[in-house]
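Quick notes on the structure that follows.
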Amino acid sequence: MHIPYRARYCDTLFNAIMALSAQHLRCTSKYDAYVSAQYYQACLETLIPALNSQEVTMDDDLLAATVILRLFEEYEGQYWIP
């Protein structure tokens, strides 16, 4: 319940949620795979530099984004639709 609210203030978490949502749509319908890839890339562009900071590594938003991206990758591996 808190994650969507927190995504309003954390771009990394927002992009992770959008990437997973787009990936789910791609796997269950003919949704464009490019959309999920764009959100995934946008998330990684902010997540990777943030993880290099000692203060930020304890951030719950980044932890949630990391878990969501892992689920995204699980979807990608199981439901390949060319």
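Where a number appears in this text, it was derived from the coordinates with a stated rule and is not lab data. Not measured: the values here are computed from a predicted model. Cβ sites come from the backbone with ideal geometry, for glycine too, and all protein chains shown count toward neighbours.
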Across the chain, where is the longest run that never hits trypsin sites (Lys or Arg not before Pro) in a DSSP loop with at most 14 other C-beta atoms within 10 Å?
-> 31-82
Please identify the longest segment of the chain free of exposed chymotrypsin sites (Phe, Trp or Tyr not before Pro), where exposed means a DSSP state other than H, G, I, E or B and no more than 12 other Cβ atoms within 10 Å.
-> 10-78
Report the label-to-label distance for K30 and D11 in nanometres (one decimal), using points 7 Å from each Cα along the Cα→Cβ vector.
-> 3.4 nm
Inter-label distance for R70 and E55, nm, one decimal - labels placed 7 Å from Cα along Cα-to-Cβ = 2.7 nm
Hey, what's the Cα Rg ratio for the chain versus the globular rule of thumb, 2.2 N^0.38 Å?
-> 1.09
Between 0 and 90°, nearest 10: helix 33-51 axis offset from the chain longest Cα axis = 20 degrees
Translational diffusion coefficient (Stokes-Einstein; Kirkwood radius from C-alpha pairs) of the range 1-46 at 20 °C, 1.002 mPa s, in µm²/s | 202 µm²/s
